[in-house]
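Encoded as structure tokens, the structure appears first; notes follow it.
Where a number appears in this text, it was derived from the coordinates with a stated rule and is not lab data. Predicted model, so just to flag it, every value in this text is computed and none were measured. Quick reminder, even Gly has a Cβ in these numbers, built from the backbone with ideal geometry, and neighbours come from all protein chains shown.
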Amino acid sequence: MKKLAGVALTVVMGVGFLAGCGSKDDNDAAAGSANRTGSDASNKVVTISVRENTWGARKDNFLEAEKRLNEDLKADHVQVKLDWWPGIDDDELVLQAQAGKVADVFINSSVDIGWERDAGLIRDIDWVKDSSVFKNVPASYTDIMNYDGHYYGVIQDMDASPVFISRKALEGIGWTKDRIDGLRSKVDSGEFTFGDLVDLADQAKKKNLVKTGFAVEDTRFEGWNYAFGSYNYDASANKLILSGKAKDVYAFWADAKKRGVIAEGIGDVDTDKAAPMFVKGQIFAEFARTEFYQMMREANGMKDDIEGYNAWFNDNVVWIPVPSAEKGGKPVSYSNPAMIFVGSKVDDAKMPYVQRLIEHVLDPDLQVNHTIASGKLPVTPEAQEDPRFKAMSFYKEHAYLVGFTKTRPALPDYATFMKGFTLGIDAILTKGKSADDAYGIFKKEVKQNVPADRVTIEE
């Protein structure tokens, strides 16, 4: 149960050693270039330091955005130059920030806003509210970027959390093609519930059609919490909520474990392991992110055979949103999207150039370049109108989920809170504890380890 044993928590340490910073001369040069302006052939030069992130098309998009911004600025006799800093982990970001080394722009997770702000890494960017880039996005996107009354990040890409279900297993328990193809609409209307999904997994297991009922991406159980109406966070008060609804979630875990739908080692089956297992027909339902679609393509050996993979997918897989636990309820989705952050050293004079650079990174065609390279969804409706996006049937059909996708709150204590929740699950799976026992463990952990002013405990 190594995955269930805890949740990663960034620790801010007052340490002077700058891990991975390079030489003093290199650091001084980098720091100087971050804010230097000068002249180059009568142009004003504005240097913007960017932490390198090469996943998908992220770096390529910044390089193209630099070119497009400079075309815009020609008439103003201004040239922007990107100064690339190495990509580093969260602990090193903190260590370098303590010595004043903060890049102008970097990418991290949306859940990192709280601790990054408290550690002095990022500054507010309230221009997001009025940016034309985001004028047509769902309210959930602006909620993601907004924290404690200010905007602190720009959503860079997006995913949702569909449930991928074995079509062959459904056929094995007697479902017709029409019934399988109509499943998603029944989830959307609230006719098909989370409990119905558990029952199907139970049948597939009992008929030996699959080896595993449910598999889930690492410890991302929030989607299951949301299905039961347990959201854990009050954004208006910026507080965590320990709700009695968690008992319903634990009751599901206890029942699913008793029926064999969920195995003790569920937390050990990450998506890298689950993709080939699902392809082989060993998993009934995989709770994962959008990019699992692409991971299965690679597990199939069809990375460059899109047409062949789509045919395989249509024959072997059906996907749905996470169903509500209540009849007539709405489906749910959850995500942990990447954000573009602006470093705390960026002043108001440089900010307009940083803003326009970031806005170009989100040009519709560049977003779709990243979708193709990464398997993530673009973040604006304009990008979803790109012909290349429309030609990818799974992504096009899947995009409606983002309208109701929720994300992990950025409150720094959330990781500690979820560790307590996960310990309750661990007790059910490995120690045979009841749902009430698990809830008691959860409540005890929260009371002991989460500051009282950061959480509301509903007795």
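Below, the figures for the structure above:
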item	result
Gyration tensor (alpha-carbon) shape descriptor, segment 299-435, a/c threshold 1.5	oblate
Segment 163-333 - share of DSSP beta bridges that are antiparallel (%, nearest 5)	70 percent
Net charge of neighbours whose Cβ lies under 14 Å from the Cβ of residue 385, counting Lys and Arg as +1 and Asp and Glu as -1	-1
Beta bridge orientation in the chain: antiparallel %, DSSP, nearest 5	55 percent
13 Å reach of a label modelled at residue 150, 7 Å along Cα-to-Cβ, counting backbone N of segment 336-372	342-348
Relative contact order of the chain, defined on C-alpha pairs under 8 angstrom at six or more residues apart (%)	26 percent
Förster radius 45 Å - calculated FRET efficiency between residue 236 and residue 67, Cβ distance, rounded to 0.05	0.60
Estimated FRET transfer efficiency when R0 is 41 angstrom, pair residue 211-residue 444 (beta carbons, to 0.05)	0.70
Where a label projected 7 Å from the Cα of residue 171 along Cα→Cβ would reach, residues of segment 302-322 with amide N under 14 Å	311-318
Mean Cβ count within 10 Å, highest first, over the residues of peptides 426-432, 175-181, 153-159, 46-52	153-159, 46-52, 426-432, 175-181
Sequence-distant aspartates and glutamates (8 or more away, or on other chains) whose Cα lies within less than 15 Å of residue 186	178, 196, 326
Charge dipole of segment 163-333 about the Cα centre (unit charges at C-beta), most positive-ward option of 332, 282, 201	201
Residue-count net charge about residue 347 - beta-carbon cut-off 11 Å; Lys, Arg +1, Asp, Glu -1	+1
Long-range amide H partners of residue 43 with built H, under 5 Å	none
Global geometry of segment 227-359, whether rounded, prolate or oblate, following the gyration tensor of its Cα atoms and the 1.5 cut on a/c	oblate
Distance in nm between pseudo-label sites at residue 393 and residue 305 (7 Å out along the Cβ direction from Cα)	1.8 nm
Distance between modelled label sites at residue 132 and residue 259, nm, 7 Å Cα→Cβ extension	5.3 nm
Linear extension gain, residue 179 paired with residue 365, 0.36 nm per residue minus alpha-carbon span	63.3 nm
Nearest-0.05 FRET efficiency for residue 347 and residue 77, computed from C-beta distance (R0 30 Å)	0.90
Peptides 124-137, 401-414 ordered by average Cβ neighbours within 10 Å, highest first	401-414, 124-137
Set of lysines with alpha-carbon distance to residue 444 below 27 Å, sequence-local pairs under 8 removed	2, 3, 239, 245, 247, 257, 258, 406, 419, 431, 433
Cut-off 10 Å between beta-carbons: net charge of the residues surrounding residue 412, Lys and Arg +1, Asp and Glu -1	-2
Helix-only [θ]222 nm of the chain, DSSP H runs n ≥ 4, -39500 (n - 2.57) each, per residue, nearest 500	-12500 deg cm²/dmol
For q = 0.20, 0.22, 0.23 Å⁻¹, Debye-computed log10 I/I(0) when each Cα of segment 218-288 counts as one equal scatterer	-0.93, -1.04, -1.09
Inter-label distance for residue 42 and residue 55, nm, one decimal - labels placed 7 Å from Cα along Cα-to-Cβ	4.5 nm
Segments 108-117, 250-259 sorted - mean Cβ within 10 Å per residue, highest first	108-117, 250-259
